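Data first, discussion second: the structure below is written as structure tokens.
The values are calculated or read from the model by the stated rules, or taken from the named source; none is laboratory data. Bear in mind that the values here come from a model prediction, so they are computed numbers and not experimental data. In this analysis, Cβ positions are derived from the backbone assuming ideal geometry, glycine residues included, and neighbour counts consider all displayed protein chains.
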């Protein structure tokens, strides 16, 4: 009787321990940058970019957006995700060496809600509210100009999440026109 109960008892313990497997964590895979330029009376379609041309001395009419790719590796749909992001500029004083550039404090911090990501799939989220033209205007006449813009993205943490896959940063170099 003891020999029969031990394997059954062991199986029940293993089954109970594995009854609630940990859910796979949603991930921020990558961040891409896109720009839409003014074209006559309308706007051109957004196109991927690796650098931006802008200056505080000139009116900035382009629209910049970040396309954040999220992935749900789980077999269940993930709902109610909150994506937080911040934007900051790397600034350089006129006449200084490039090595003296520094990151300013974030000028925009916001949240975007992602309603759902279906099982084993990816979803792209577009972040469009950058207010970059306003930031460039504030820099005009200051003696500083931007050399890059950075977005820091984070999925709102959930129980059991690992920080490495819920955080991403991406920089877009800003060149003088």
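Quick notes
For every residue, the table says whether it meets (1) more than 16 Å from the chain's Cα centre (by Cα); (2) more than 19 Å from residue 65 (Cα to Cα).
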{"site": "121", "(1), (2)": "yes, yes"}
{"site": "127", "(1), (2)": "no, no"}
{"site": "132", "(1), (2)": "yes, no"}
{"site": "159", "(1), (2)": "yes, yes"}
{"site": "168", "(1), (2)": "no, no"}
{"site": "172", "(1), (2)": "no, no"}
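- Residues within region 14-53 that are assigned to a loop (DSSP other than H, G, I, E, B) and either more than 22 Å from residue 86 (Cβ to Cβ) or modelled with pLDDT of 95 or more (or both), tallied: 15
- Unique residue being assigned to a strand (DSSP E or B) and over 18 Å from the mean Cα position of the chain (by Cα) when the list is 70, 83, 92: 92
- Tally, over region 95-109, of residues that are in contact with a strand residue (DSSP E or B) (Cβ under 6 Å, 6 or more places away or on another chain), in contact (Cβ under 8 Å) with a residue 24 or more places away in the chain and either loosely packed, with under 11 Cβ neighbours inside 10 Å or part of a strand (DSSP E or B) (or both): 2
- Residue within region 128-136 that is part of a strand (DSSP E or B) and either in contact (Cβ under 8 Å) with a residue 24 or more places away in the chain or buried (at least 18 other Cβ atoms within 10 Å of the Cβ) (or both) present: no
- Qualifying residue in region 137-151 (condition: surrounded by 18 or more Cβ atoms within 10 Å (Cβ to Cβ), in contact with a helix residue (DSSP H, G or I) (Cβ under 6 Å, 6 or more places away or on another chain), at negative phi and modelled with pLDDT of 90 or more): no
- Candidates 165, 170, 115, filtered to the one that is surrounded by 15 or more Cβ atoms within 10 Å (Cβ to Cβ) and part of a strand (DSSP E or B): 170
- For residue 89: the one exception among (1) over 30 Å from residue 143 (Cα atoms); (2) in contact (Cβ under 8 Å) with a residue 60 or more places away in the chain; (3) crowded, with 16+ Cβ neighbours inside 10 Å: (1)
- Residue in region 119-130 that is touching a helix residue (DSSP H, G or I) at 6+ places or on another chain (Cβ under 7 Å) and closer than 17 Å to residue 30 by Cα present: no
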